[in-house]
Amino acid sequence: MAGFPKDDSDMIPMGRARGRGGRNKKFPVDPEPPLMMPENPAAGDAMPLGSSRGRARGRKRTDESEPLVGNKQVAAADPVYTPASTSARRELSPTEDLSRLSLRTRRTAFDQYIDHPWKDEGKDTVGKSGDHIMLYTNYFEVNLGLDQKIFQYHVSFKPEVENVRVKFQLITSLTEVVGTVRCFDGGILYLQRLLPREEVECVAPRAHDGTLVTITIKYICEIHKNTPQFLQIANLMFKKSQMALDMKKIRDHYFNLKLAIKIPKHRIEVMPGFATSILNYDGGNLLGIDIIHKVLRFDTFLDALYLLFESSRRNTEEFHKRAIKELVGSIVMTRYNNKTYRVDDINWNARATDTFEKNGEQMSYIQYYQQHWNITVKDSDQPLLVTRPTERDKRRGQKTNLYLVPELCVITGLSDQLRSDYNVMKDLAAITRIGPTDRLKQIQRLCEQLNQSEKVGEILRPWKIEISDKPAKIPARQLPAERLLMKTNRGEITKISYDSRKADWSRNMRNISLLNSVNMDQWVIIFPYAASQPSAELSETFTKVGKGMGMRIVDPVKVQILDDRNDSYLQAIRQNLNPRVQMVVCVVPNSKKDRYDAIKKCCCIDNPVPSQVVILKTLQKKQGLMSVATKIAIQMNCKMGGEVWGAEIPLKGLMVIGIDTYHDSAHKNQSVGALVASLNKECTRYYSKTEYHPTKDELMRNLQPLMKGALEKYYEVNGAMPQKIVLYRDGVGDGQLYTVYKSEFEQIMSAFAEVGVSNSRPGFAFVVVKKRLNTRLFKLEGDCQTNPPPGTIVDQFITKPNWYDFFIVSQSITQGTVSPTNYNVIFDDTGLQPDHIQKLTFKLCHLYFNWQGTIRVPAVCMYAHKLAFLQGQSLHREFSKCLSDKLFYL
C-alpha cells in the first residue's frame with residue numbers, strides 16, 4: 001500500500017500474525033470446485049447415535065469387499081468394521097470438577113436435532129388463564145416420507161481432505177457407485193440404496209490437482225422414522241433447494257444477492273435472506289422461516305485503512321494503533337466466494353506480492369487471484385489481514401492462519417460511527433423493519449416458489465419431502481392488562497392500569513406519587529462553565545417535577561469546573577463528597593466514553609455514591625426539559641433505593657432472581673457474571689452482586705457466593721428465608737442448556753446448604769430465557785396481519801415435545817414485527833402450575849423502572865444485564881458492596 005510503511009522490527013502488532021514479507025505463507029482459500037451438495041460446517045467424522053439409544057439399529061453385513069476405482073474392483077483386504085455407538089450427550093460424574101466444564105465442547109452432527117428432556121413425564125405444561133385466541137406463525141408443516149428405506153454410511157478420505165467442497169466433488173464423482181439420490185454433509189452419507197458390501201473403497205482424483213484420493217464408505221445402520229437423521233436429511237435438502245432458487249450461502253444462511261438494496265448516500269447495501277430450520281415440535285415436523293438481512297458497506301477494508309491513515313495525519317504509529325483498535329475484530333466478506341471471515345490481526349509486514357506454495361510451485365497472492373478468480377489486485381503494497389482458525393476449524397484440520405487481501409474484502413455490519421448516525425439508522429429501519437403483513441407475505445412467497453420450482457422438486461421428491469405453503473394456525477391465550485401499585489398525593493396505595501394494546505402507562509402516572517420515594521436533601525451537581533445555565537435550569541426543574549411525584553428535591557451544591565477534563569470531574573467529586581451526600585450529578589458536554597468510565601469508577605468503587613451522568617445536548621431543548629427531568633428524577637430515585645411502582649404478586653415468601661453475563665471489554669479472557677435478586681413481596685427492591693470467571697463463555701463458575709449473599713440479604717430484610725425461588729437465566733443457547741444447568745444448579749444447591757436450608761430448602765424453579773429467536777406470531781385482523789398484543793402466551797404446537805417451555809409477547813412495538821420471548825423451565829419443584837409461572841413472568845416484565853411500559857424480558861434479567869454491562873464496559877472491577885442494595889447501574 002503506497003505510503004504505508006512496514007514495521008521496523010520482526011514483532012507484529014499485538015503479537016498475532018506470523019511471518020514477514022517474502023516468506024512462504026499458507027494461502028487463504030484453496031481453489032474450490034462448484035458446490036455439489038449443501039455445505040454443513042458442523043460436519044466432520046461425526047459418528048451416528050448408534051443403537052444404544054434405540055435411534056437407529058444397524059444391519060450387519062458380512063460380504064467380502066474389495067476397493068473400487070470408479071466401478072472396477074481392485075484386490076485388497078477388507079478391514080473388520082464394527083459400528084461405533086456414541087452417546088449424544090456427555091454425562092458428568094457426581095464428583096467431576098465443574099471448573100473443567102466448558103460450553104465449547106464438540107457436538108455431533110445430530111446434536112442440534114436432539115432435545116434433552118427437560119419435562120417430567122406426564123407433567124401438564126399448558127396453561128388455561130386468559131382469553132383464547134388463534135394466531136398464525138412463520139412455521140409450515142413438513143411431511144417426511146417415513147416409509148422409505150434410508151441407509152447411513154460413514155465416509156473417510158485418505159489422504160485427509162479438509163475442504164468440504166472438495167469432499168462433495170469426490171462423492172459426486174462416485175455416482176455410479178452411490179447413485180444420484182444421496183445426501184452428504186461432509187462426513188455422513190445417506191443413501192436410498194444398500195451398497196453391495198459393508199465397506200466399500202473407491203479411488204477418485206481431486207479436481208484441482210489430480211491427486212488420487214482413497215474414499216472409504218462404511219455401512220453404519222438403517223435409518224428409521226422419527227430419528228434425528230431424518231431431520232438432518234430434510235435440512236440438508238432444504239438448503240440445497242434454496243441454492244436451486246439461485247440463493248447464495250453466506251455463513252449459515254442463504255441470501256438473494258439480486259434483491260440487494262443499495263443506500264448510496266450512506267455507502268451501504270442491505271441483502272435480504274432467510275433463516276430456516278426443520279425441527280420437531282409438539283405440532284410435528286415444522287419448517288421455521290424468518291426474514292433476515294445482512295448489511296455490507298461499499299468500502300473495502302483497504303478503503304477503511306486509507307481513511308484511517310489520512311485521519312492519523314500519516315503518522316505510522318498512530319495509524320497502526322487506530323487500525324488495530326477500530327478494525328481488528330470486524331467481519332469481512334470476500335465477494336469472489338461470498339464467504340465471511342473474522343479479522344484477528346493485520347500483518348503490516350506482509351504484502352500481496354508475497355508468495356506461498358501452490359501445487360509445488362511458488363505463487364504470489366496477485367498471481368493466484370488473477371489465475372483462479374480472474375481478479376486483478378491493484379495495490380501491490382497493501383498489508384494482509386490475518387484470520388486465525390477457530391476451534392471448529394481446528395477440529396476440521398485447519399491449523400494455520402489464513403491471509404486475506406484487504407482490497408478484496410468488504411466490511412460487513414455497521415461501524416460505531418454509522419450506528420450513532422440517526423439518518424443511517426432511520427433509512428436502514430425502513431428496509432429491515434418489515435411489518436407483520438409484508439413479512440408473512442414474503443415468507444409465504446418463498447414456500448410457493450419452493451413448491452412451484454421444478455429444480456426444487458427434483459431435489460425433494462426422491463426423499464418424499466413435502467412442504468406446506470400455508471402458515472400454521474395455532475392456539476394462544478391473551479392475559480389481561482396488569483394493575484400496578486402506586487401512591488396518591490395523600491400517601492394512599494392506588495392502582496393504575498393501561499391500554500393493553502400499547503402497554504404504556506406514562507400518562508397514567510400524572511399527578512400520582514411514586515410507590516416509595518427517597519427525598520434528595522443532599523446532592524451535588526458538577527458542570528463545566530459552558531453548561532452552567534442548562535445545569536441551573538435542570539436543578540430548578542427537578543424541584544418542580546419532584547413535587548408531583550412525592551419526591552422532595554432541594555437545591556443542590558453547585559460545583560462549576562474550569563474545563564471538561566476527566567481529572568476535573570474526579571477532583572470535584574472527591575472535594576465535595578461527604579457521608580451525607582445522596583447523589584452526584586455530572587453534566588458532561590458529550591458522550592466521551594473514557595470520561596463516563598472515570599466518573600463511574602470513582603462513584604461505584606473508589607467513593608461509593610449513586611451517580612447520574614447527563615449529556616448537555618439533552619438539556620438544550622427547552623420544550624422537552626420537563627419530560628427529561630421527570631425521567632432523570634425517577635432514575636435517581638431508583639439509584640438511591642426508592643421504588644417507582646409495583647405489581648400485585650400474591651405469592652408469599654417469593655424471591656425472583658435474574659442472571660446474565662457480559663464479556664469484559666478490557667480483560668479479553670474474563671467475563672462478568674451478574675446476579676440480581678428481589679428482596680420484597682412486590683419485587684421492587686433488589687440485591688445485586690457480580691463475579692468474574694476466567695473463560696470467555698456464558699458459564700458462571702462462581703455463582704455459589706453470589707447466591708449465598710442473596711439468601712443472606714433476603715433473611716436480613718425479611719427475617720426469614722424465601723419459600724419459593726424462581727431464577728431467570730439469560731444468555732444461554734439451546735446447545736448450552738445441559739452444561740449450564742449441570743454446573744449452576746449444583747452451585748445453587750451448595751449455596752442452600754451453606755446457609756443451612758438444605759434439608760428444608762425453598763421450592764426452586766430454573767427458567768432459561770431466550771430472546772434470539774426466529775419465531776414470529778401474527779394476529780389476523782380483517783384482511784391484515786398485526787402484532788399480537790402484550791400478554792399473548794403460546795404454550796402449544798410450536799413448543800418442544802420434551803420441554804416445559806412457552807412463549808410470551810410482553811412488549812408493544814410501533815415498527816416492524818414483534819418477537820416473542822421463549823422461556824424454558826428446566827427444573828421446577830415449586831409446586832406452581834403453568835399458569836402461575838406464566839403470569840408471574842408477565843408481571844415481572846412490568847417492573848423495569850427505566851421504561852414506563854412493558855419490556856421483552858423479566859425486569860430482573862434486564863437489571864442483571866445492565867449491571868454486567870456497566871462492569872464489563874466501564875468499571876472492570878467489582879463495585880463497592882455499599883451499593884449492593886441499590887439499582888445504581890440504571
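The values are calculated or read from the model by the stated rules, or taken from the named source; none is laboratory data. Please read these numbers as outputs of a predicted model, since none were measured by experiment. Reconstructed Cβ throughout: ideal geometry from the backbone, glycine too, with neighbour counts over all protein chains shown. Side chains included, ligands, DNA and RNA excluded: accessible areas come from the protein's heavy atoms. Shrake-Rupley method; radii C 1.70, N 1.55, O 1.52, S 1.80 Å.
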- Query: Within the set LYS249/LYS294; LYS713/LYS881; LYS441/LYS464, which residue pairs have Cα atoms separated by over 18 Å?
  - Reply: LYS441/LYS464
- Task: Determine, for each peptide in 407-417, 342-352, 188-198, the mean count of other beta carbons within 10 angstrom over its residues, then list the peptides with the highest first.
- Result: 342-352, 188-198, 407-417
- Item | Cα-projected label distance for ASN519 with ARG395, points at 7 Å along beta-carbon direction, nm | 6.3 nm
- Item | the chain - mean residue ellipticity at 222 nm from DSSP helices (-39,500 (n - 2.57) per run, n ≥ 4, rounded to 500) | -7500 deg cm²/dmol
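By how many nm would the segment from ASP606 to MET425 grow when fully extended, if each residue of separation counts as 0.36 nm and the alpha-carbon distance is taken off?
61.4 nm
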- Item | Mean Cβ neighbour count within 10 Å, used as a protection proxy, ranking 284-291, 529-536 highest first | 284-291, 529-536
- Message: Charges on Cβ only, +1 for Lys and Arg, -1 for Asp and Glu, centred on the Cα centroid of the chain; of THR799, LEU616, GLY646, which one is farthest towards the dipole's positive end?
- Response: LEU616
- GLU176-ASP147 FRET efficiency (beta carbon distance; Förster radius 22 Å; 0.05 resolution): 0.20
- Message: Could you give the length gained by full extension between ASP131 and GLU454, i.e. 0.36 nm per residue of separation minus their alpha carbon distance, to one decimal place?
- Response: 111.9 nm
- When the dipole is taken about the Cα centre of the chain, and only Lys, Arg (+1) and Asp, Glu (-1) are charged at their Cβ, what size is it in debye, to the nearest 20? 1400 debye
- Query: Using a basic spin-label model with each label point 7 Å from the Cα along Cα→Cβ, how many nm lie between ILE493 and ASN359?
  - Reply: 8.2 nm
- Amide H neighbours of CYS221 under 5 Å, at least 5 residues apart or on other chains, H built in the peptide plane: list them. GLN152
- Message: Rounded to the nearest 10 Å², what accessible area does GLU712 have for a 1.4 Å probe in the complete protein model?
- Response: 90 Å²
- Task: May I ask for the angle, rounded to the nearest 10°, between helix 834-844 and the longest principal axis of the chain, with both axes built from Cα atoms and the value confined to 0 to 90°?
- Result: 60 degrees
- Task: Compute the label zone of CYS784 within region 502-546: residues whose backbone N is under 16 Å from the point 7 Å along Cα-to-Cβ.
- Result: 502
- Is region 339-491 best put as rounded, prolate or oblate by its Cα gyration tensor, with a ≥ b ≥ c the root eigenvalues, rounded for a/c under 1.5, and otherwise prolate when a/b is larger than b/c, oblate when not? oblate
- Item | Hits among aspartates and glutamates - C-alpha to C-alpha of LYS681 under 15 Å, sequence gap 8 or more where chains match | GLU643, GLU648, GLU716
- Task: Enumerate the lysines that LYS770 could reach by cross-link, defined here as Cα to Cα under 20 Å, with residues fewer than 8 away along the same chain left out.
- Result: LYS119, LYS696, LYS742, LYS800, LYS839, LYS843, LYS866
- All aspartates and glutamates inside 12 Å of LYS601 as judged from Cα atoms, apart from same-chain residues fewer than 8 positions distant: GLU878
- Query: Is the shape of region 586-630 best called rounded, prolate or oblate, per the rule: a/c under 1.5 gives rounded, else a/b larger than b/c gives prolate, else oblate, with a ≥ b ≥ c the square roots of the Cα gyration tensor eigenvalues?
  - Reply: oblate
- Angle, helix 859-870 long axis vs. longest principal axis of the chain, Cα atoms, 0 to 90°, nearest 10? 80 degrees
- Message: Just to be sure I understand the model, the point goes 7 Å from the Cα along the line to the Cβ. What's the resulting ASN802 to ASP885 distance in nm?
- Response: 4.5 nm
- Note on the structure: Taking R0 as 45 Å and r as the Cβ-Cβ distance between GLU716 and LYS668, the FRET efficiency 1/(1 + (r/R0)^6), rounded to the nearest 0.05, comes to 0.75
- Query: Quick one: ranking ILE215, ILE431 by accessible area, 1.4 Å probe, largest first, what do you get?
  - Reply: ILE431, ILE215
- Item | Debye, to nearest 20: dipole size of region 123-208, +1 on Lys, Arg Cβ, -1 on Asp, Glu Cβ | 160 debye
- Note on the structure: The answer for trypsin sites (Lys or Arg not before Pro) in region 147-181 that fall in a DSSP coil and have at most 12 neighbouring Cβ atoms within 10 Å is LYS149
- Query: Restricting attention to region 649-708, which trypsin sites (Lys or Arg not before Pro) occupy a DSSP loop and are surrounded by at most 14 other Cβ atoms within 10 Å?
  - Reply: LYS652, LYS668
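For the chain, what is the Kirkwood hydrodynamic radius in Å, using each pair of distinct C-alpha atoms?
Every distinct Cα pair counted, the radius reaches 30.8 Å.
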- Under-5 Å amide H pairs with ASP499, H placed in peptide plane, nonlocal only: ASP504
- Can you work out the FRET efficiency for the pair ASP563 and ILE261, with r the C-beta to C-beta distance and R0 = 41 Å, to the nearest 0.05? 0.35
- Task: Could you sort out which of LYS558/LYS639; LYS167/LYS378; LYS158/LYS455 sit more than 26 Å apart by Cα distance in this structure?
- Result: LYS167/LYS378; LYS158/LYS455
- Message: Given a 1.4 angstrom probe, I'd like the percentage of the accessible area of region 679-750 that is carbon and sulfur, rounded to a whole number.
- Response: 45 percent
- Item | Charge dipole (the chain, unit charges on Cβ, about Cα centre) - positive-most of CYS409, GLN815, THR830 | GLN815
- Query: Could you give the angle, 0 to 90 degrees to the nearest 10, between helix 436-452's Cα long axis and the longest principal axis of the Cα atoms of the chain?
  - Reply: 10 degrees
- Message: Going by average Cβ density within 10 Å per residue, which order do the peptides 173-183, 720-730, 582-592 take, highest to lowest?
- Response: 720-730, 582-592, 173-183
